[in-house]
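Below is one structure, written out as structure tokens; comments come after it.
Every read-out reported here was derived from the displayed coordinates using simple, explicitly stated rules and does not represent laboratory data. Computed from a predicted structure; not experimentally measured. Note: ideal-geometry Cβ built from the backbone for every residue, glycine included; neighbour counts use all protein chains shown.
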2 protein chains.
Amino acid sequence: MTDATAKPDGFYFEDMPVGRVLHSARSISMDRDRMIAFAAEFDPQPAHLSEAQAAESQFGQLCASGWHTGSATMRLVAETLVIARGGMGLGVEAMRWPRPVLPGDTLRVTIAVLAARPSRSQPGRGLVTIRTTTFNQHDLPVQELTSVVMMPMRSAG
Amino acid sequence: MTDATAKPDGFYFEDMPVGRVLHSARSISMDRDRMIAFAAEFDPQPAHLSEAQAAESQFGQLCASGWHTGSATMRLVAETLVIARGGMGLGVEAMRWPRPVLPGDTLRVTIAVLAARPSRSQPGRGLVTIRTTTFNQHDLPVQELTSVVMMPMRSAG
């Protein structure tokens, strides 16, 4: 379910029990020129810079930098899992790119709660492990990301 | 050692024994306006969008999106560890941001080889686990990244 509108003050720890799955309300289109510009700034490797260079690369075709895919995924996560005041991402436990993102692909995400527990060091907050899967328009996964976010507890007031 | 110039055809598996450490030849400056523009596109959360919004956030001050730091790190890695034809990143095993990246910080990286073994599925290639630490101008770590890259073996010709 995607019910950001039902939580005007954002999601709390209690809103993310193990097994809950959120879906992004929209998809993001990976524009060819933006892909190339991102790569020129951050990941200037042949597969990401031009069709001609990519044809000679391991990938054989122009595809997005994994960091561009990760950043586009962050945008969808930020819109889907709006964390209440006092929340933040703590880090990434794993990130994989099982297939390339091609020009014109449109990406959406699902966010599944894998684990949730109260913080030992910060009373009133909890740590939630989420698995974010990024799908292309063919419903095939292009990125699998496991990360941990700290979320405030509603019960802490 | 940073000896990309000594390897005009890029690094091979054999060039990355366990314990080797590479250092980026330069640093990247994290410009305030670029930080905000990156966040507006990919990570529109209060701590990354303006000084005023950040002051009210968990961080208390404007800081870069972790994905911006990760992408800037990728740029330095791409310049430092130029992999010979047939190489590619396979994924991330862990990424953490121990302290914020602030406007005007300059980032550099070290890349340390944690493990190296021949690929079981792809003869003539090897898998190298690297730990990339991103430091600010105070020599304090702002990102710790463990990832795996596939590299061709020189001996495979």
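From the label point of B:Ala94, set 7 Å from Cα along Cα→Cβ, how far away are the matching label points in the other copies, in nm, ordered shortest to longest?
Copy-to-copy label distances for B:Ala94: 1.4 nm.
For A:Met153, enumerate residues with amide H under 5 Å from its amide H, sequence gap 5+ or separate chain, H modeled in the peptide plane.
For A:Met153, the qualifying residues are A:Phe13, A:Arg125, A:Gly126.
Where does each of A:18-24, B:140-146 land if you order them by average Cβ count within 10 Å, highest first?
Details: A:18-24: 15.3, B:140-146: 18.9.
Packing order, densest peptide first, comes out as B:140-146, A:18-24.
Nearest-5 percent of antiparallel DSSP beta bridges in region A:4-156?
Values: 33 of 34 bridges.
If we restrict to bridges inside region A:4-156, about 95 percent are antiparallel.
Count, for each residue of A:31-42, the Cβ atoms from other chains sitting within 10 Å of its Cβ, then give me the mean as a whole number. Don't skip to the end; give the middle numbers.
Values: counts 0, 0, 0, 1, 0, 0, 0, 3, 3, 1, 6, 12.
Average neighbour count from other chains, rounded to a whole number: 2.
Report the label-to-label distance for B:Phe59 and A:Arg96 in nanometres (one decimal), using points 7 Å from each Cα along the Cα→Cβ vector.
My value for the distance between the label points is 3.0 nm.
Roughly what angle does helix A:66-80 make with the longest principal axis of chain A, taking Cα atoms, 0 to 90 degrees, to the nearest 10?
40 degrees
Other chains' Cβ within 10 Å of A:79-88 residues: what's the mean? Present the calculation step by step, with values, prior to reporting the outcome.
On the way: counts 1, 0, 0, 1, 2, 0, 4, 2, 3, 7.
What the average comes to for A:79-88 is 2.
Taking the Cβ of A:Ala115 as the centre, find all other residues whose Cβ is under 13 Å away and add up their charges (Lys, Arg: +1; Asp, Glu: -1). List each step's numbers first, then the result.
On the way: positive: A:Arg20, A:Arg117, A:Arg131; negative: A:Glu93.
Net charge in that neighbourhood comes out at +2.
Tilt of helix A:32-42 relative to the longest C-alpha principal axis of chain A, in degrees (0 to 90, nearest 10)?
Approximately 80 degrees, to the nearest 10.
What shape does the protein assembly as shown take by its C-alpha gyration tensor, where a ≥ b ≥ c are the square roots of the eigenvalues and a/c under 1.5 counts as rounded, a/b above b/c as prolate, and the rest as oblate?
Values: a/c = 1.76, a/b = 1.52, b/c = 1.16.
Prolate.
Please average, across the residues of A:60-73, the number of beta carbons from any other chain that are within 10 Å of each residue's own beta carbon, and give a whole number.
4
Given only helices, namely DSSP H runs of n ≥ 4 each adding -39500 (n - 2.57), what is the per-residue ellipticity at 222 nm of chain A, to the nearest 500 deg cm²/dmol? Could you put the intermediate results ahead of the total?
On the way: 4 runs with 35 residues, N = 157.
So the helix-based figure for chain A works out to -6000 deg cm²/dmol.
Under a crude label model (7 Å from the Cα following the beta-carbon direction), how far is A:Arg20 from A:Ala52 in nanometres?
5.2 nm
Which distances in nm, rounded to one decimal and ordered from shortest, link the label point of A:Gln58 to the equivalent label points in the other identical copies, with labels set 7 Å from Cα toward Cβ?
The answer, with the shortest distance listed first, is 3.4 nm.
Can you list, shortest first in nanometers, how far A:Leu114 lies from the same residue in the other copies, with each label 7 Å from Cα toward Cβ?
1.5
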